[in-house]
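Single-structure report; data block below.
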Amino acid sequence: MRLLVVNPNISEDVSALIGAEAARAASAGTEVTVATARFGMAYIETRFEALIGAYAAACAISEHYDGHDAVVIAAFGDPGIAGIRELLDVPVVGMTEAALASACLLGKRFSVVAISGRIRAWYRECVEDNHLGSRLASIRALDQPLRGIGTVQQDHAARLEQLCRLAVDEDGADVVILAGAPLAGLARTLQGRIAVPVVDGVSSAVRHAESLAALRPGSARSGSFAPPPEKPNAGLPQALSAMLARRRSG
């Protein structure tokens, strides 16, 4: 099995974290390809930045998609996932929905621990878009400037652990979700140190993608996720234009 894991942001150091956690989580024999966006933001905090990340993810997928059995969108918030599902004929899994699915199988109420306070509004909307707002106990976030997006775990280790504990002790969380690719792998470090299960988005997405690919459910030829209809377009990257044409003709 081959999985394509796409970082919709330009941070290569975060892609390294994603790749390391994906490799640890993947089953024996699964090959993981990590692709980083060629343009866009260092990381996503706002709805507008998510728009940029969605297009960057679609472009990266079009360049690296061939030969893969499933695709993972490795940014919390799953930028562009619904549209990208229309574009592909293999399963597409997002970090958010995968982490939420894992959390819901482990407990009733979950909290999200994030790297930035500005992210809270968008993350809350993402949870609500997955129809799980009633199960959200809280969103807690770092409140200090980030020295570097690839070193968040090291720079804020004590505070991140404290936020997890507060989510359990004060907010009543049954499960804690560590949100965002910069926190990939941190759940392993915190294992046994938090009184409830801690969920990692990258490892959840990799495992869910493997399961869906193994099920071979087929691809949408009808319904709301059918291929986009043929129409004139201009200015699209060649790889993306070619993928559109292939999906329509497939």
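The values are calculated or read from the model by the stated rules, or taken from the named source; none is laboratory data. Worth saying up front: this structure is predicted, and the values here are computed from it rather than measured. Cβ placement follows ideal geometry from the backbone for every residue including glycine, while neighbour counts extend to all protein chains displayed. Surface accessibility is based on the protein's heavy atoms, side chains included, excluding ligands, DNA and RNA. Shrake-Rupley method; radii C 1.70, N 1.55, O 1.52, S 1.80 Å.
Computed over the chain, relative contact order equals 24 percent, with contacts defined as Cα pairs under 8 Å that lie 6+ residues apart. Evaluated with a Cβ-only charge set (Lys, Arg +1; Asp, Glu -1), the range 97-178 carries a dipole of roughly 80 debye about its Cα centre, given to the nearest 20. With respect to the chain, whose longest principal axis is taken over its alpha-carbon atoms, helix 157-169 is tilted by about 80°. Against the empirical 2.2 N^0.38 Å (N residues), the range 60-117 has a Cα radius of gyration ratio of 1.32. Pairs of Cα atoms nearer than 8 Å and 6+ residues apart set the relative contact order; for the range 95-227 it is 30 percent. By the equivalent-ellipsoid construction on the alpha carbon gyration tensor, the chain comes out with semi-axes of 30, 19, 17 Å, ordered largest to smallest. For the range 13-22, 3J(HN,Hα) computed residue by residue from phi via the Karplus equation (6.51, -1.76, 1.60; θ = phi - 60°) reads 5, 6, 4, 5, 5, 4, x, 5, 6, 4 Hz, glycine and proline entered as x.
Residues in the range 1-72 average 42 Å² of solvent-accessible surface per residue, probe 1.4 Å, ligands and nucleic acids excluded.
With 0.36 nm allotted per residue and the present C-alpha distance subtracted, the R118-L166 stretch has 15.4 nm of extension available. Where q = 0.11 Å⁻¹, what log10 of I(q)/I(0) comes from the Debye formula for the range 137-250, counting one point per Cα? The computed values of log10 I(q)/I(0) come out as -0.61. Per-residue 3J(HN,Hα) values for the range 238-245, derived from phi via the Karplus relation 6.51 cos²θ - 1.76 cosθ + 1.60 with θ = phi - 60°, read 4, 5, 5, 4, 5, 5, 4, 5 Hz in sequence order (x marks Gly and Pro). Using a probe radius of 1.4 angstrom, the carbon and sulfur fraction of the accessible surface of the range 1-133 is 53%.
Here's the picture: charge each Lys and Arg Cβ at +1 and each Asp and Glu Cβ at -1 in the chain, and of A42, L160, A220 the one pushed furthest to the positive end of that dipole is A220. Averaged per residue, the range 106-250 has 52 square angstrom of accessible surface, using a 1.4 angstrom probe with ligands and nucleic acids left out.
What percentage of all Cα-Cα pairs in the range 99-158 are separated by more than 18 Å?
Percentage above 18 Å: 41.
Each distinct pair of alpha carbons in the range 1-79 adds a 1/r term; the inverse of their mean, the Kirkwood radius, is 12.5 Å.
Computed from backbone phi with θ = phi - 60° and the Karplus coefficients 6.51, -1.76 and 1.60, the 3J(HN,Hα) list for the range 183-195 is 9, 4, x, 5, 4, 5, 5, 8, 4, x, 9, 10, 7 Hz; x is used for glycine and proline. Working note: Debye formula, equal point scatterers on the alpha-carbon atoms of the range 1-134, no solvent; log10 I(q)/I(0) at q = 0.11, 0.14 Å⁻¹ is -0.38, -0.62.
For the range 29-61, which chymotrypsin sites (Phe, Trp or Tyr not before Pro) are in a loop by DSSP, counting at most 11 other Cβ atoms within 10 Å? When the chymotrypsin sites (Phe, Trp or Tyr not before Pro) of the range 29-61 are filtered for loop state and at most 11 Cβ neighbours within 10 Å, F39 remain.
The range 112-138 and the range 212-241 have Cα centres separated by 28 Å. Note on the chain: with charges restricted to the Cβ of Lys and Arg (+1) and Asp and Glu (-1), its dipole about the Cα centre is near 280 debye. Structural descriptor for the range 48-135: relative contact order 24 percent, calculated from alpha carbon pairs under 8 angstrom and at least 6 residues apart. Between R216 and A23, full extension at 0.36 nm per residue minus the direct alpha carbon distance yields a gain of 67.3 nm. Its Cα centre serving as origin, the range 4-90 has a Cβ charge dipole (Lys and Arg +1, Asp and Glu -1) of approximately 140 debye. Which listed residue (S134, G180, A234) has the Cα farthest towards the positive end of the charge dipole for the range 108-250, taking +1 on Lys and Arg C-beta and -1 on Asp and Glu C-beta about the Cα centre? Towards the positive end, the residue furthest out is A234.
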